[in-house]
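In what follows, a single structure is set out as structure tokens and then discussed.
The numbers here are math on the coordinates, done by the rules we state, and not lab data. Please read all numbers here as calculations on a predicted model, not as lab measurements. In this analysis, Cβ positions are derived from the backbone assuming ideal geometry, glycine residues included, and neighbour counts consider all displayed protein chains.
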């Protein structure tokens, strides 16, 4: 077991190291930030001063070593645009992204499970077929376009919900959150639903398949034979069993929610990490790009590591196969 | 022997009509009416994409013909020259229907091109992994596993931020996002095929490795590849649209559907819904029809489901 964890841990370290090299070299080869960030009317002395300040005059490999050394101290450079520590900016925006992703996750369960169970109970009813057709559509709809149409309908035409920003936030444990104020909640609703759409479709399919399977199991027949009401059979016996795959898969999908929040944040001007990245890409703000990519790779490597370990605990075949190689 | 005589002998020998594999494939596919409709729609979309410059009502990128006086017209209004704008115009006065036709051309072009390149590279790598096995296989599949553990959109964003903007860069990014799916699919089916007798026979004949891999192994791994290919192409189109919408995909000189939607976003808050609504519908129809065709192909080409 510990051998397995150590192997995986080493693999994760290699992935992070390789990524840091690719990201750093790649980002530094693209475009010339000097042209982008310095006032074209500035004189030569001013240009040279800024280049020196930003460390752009050193050779690339020195810049990289400098970057790695600083990265261990939690310093990934200063944003060209904001003039603040890039890592600090990313960490500041992180709670907004995580709030959005968690809300979407919650919505996927709250909306997806009831629909899925319903469709699984009556697989041939027209209503169930409509639900399934809707879930196929949910897989095919481009997220950003759905977001735009939501803004069009609910913000522009009906004027029910605000279309941009986080609204009022409250601070708990030093983290700004939106979901505790009415205004924040109304700002959160559309982006979270938009982000959740794909996962809702996924949960509907999982819950439907699980329910169809569970309905024929002995424990359901037995529960019915005991004379339990249908509601109790579904809510207690069936639901408990289908939640295992649903929760497992959603755990795996959490990473993709964070990745897709880049799109949703841009559409709804939600001030999270993703929006920061897109703005940085437009401004060629390299330290922010590097810091974001390193942060997100780290988050993913950690998520994947946890999932791998979790799986190897559940299924011994995984670690045995790995040790055999 | 004359044609007539040939026909009579064939008829005499085999009075029962024998289905060729192609005929069986077509009739299996046609079992599902929705898939047939999806296929027809897809053929229509491909037709539009190929012949866009000839069938568009106007040329939206010919500055001499686009008039700013026609800007922001609602769907169905007529221009001053009597041309009807069925889907309205954007803020520069371009006919939206024509823009969509041209946009489909770019979106499909980028999606299909990246899909074909990724298919070639990915399946070659997958075949090599399966045929040689051992360390090469372990190394390749480790890379594939690691890449697939990151969502496609994230990999694409990383690549775009590393590579920069431009049509070629977007295609490279899409290829690098997709190759792993093909490699994994081909490796899976090649591992099964590798142990079959015909490969053994080819090896006994002392045929070269290249010949065995590409002439014998590869054709037998094709069916699952076709299915993955259709679904991946839909993904690629959707991904390109997303990247272009975010402003990190295609440049404005290549107005794909994603860029049209992004343009519409700017004027949407003032109530011009159609500028981003219709390109989105076009994108949706394209993706849905490709996915439906892919779904049916999966069922038809799956030997386990064959009657």
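General observations
- Per-residue Cβ neighbour counts within 10 Å put A:93, B:187, B:142 in the sequence B:142, A:93, B:187, beginning with the fewest.
- Along principal axes, Cα extents of segment B:163-240, largest first, whole Å: 51, 22, 14
- Rounded D (µm²/s) - segment B:225-287, Kirkwood Rh over Cα pairs, Stokes-Einstein at 20 °C, 1.002 mPa s: 176 µm²/s
- Across all directions, the average projected area of the convex hull around the alpha carbons of segment B:195-264 is 6.9 nm².
- Simple spin-label estimate for residue A:6 and residue A:125 gives 5.7 nm between the two label positions (7 Å along the Cα-to-Cβ direction from each Cα).
- Calculated diffusion of segment B:198-239, Stokes-Einstein form, Kirkwood radius summed over Cα pairs, 25 °C and 0.890 mPa s, µm²/s: 205 µm²/s
- Residues A:197, A:252, sorted so that the one with the fewest Cβ neighbours within 10 Å comes first: A:252, A:197
- Ordered by the number of other Cβ atoms lying within 10 Å of each residue's own Cβ, fewest first, B:145, A:43, B:59 fall into the sequence A:43, B:145, B:59.
- Once the C-beta distance of residue B:139 and residue A:226 is scaled by a Förster radius of 41 Å, the resulting FRET efficiency is 0.15 to the nearest 0.05.
- Whole-number D in µm²/s for segment A:89-272 (Stokes-Einstein; Kirkwood sum over Cα pairs; 37 °C, 0.692 mPa s): 185 µm²/s
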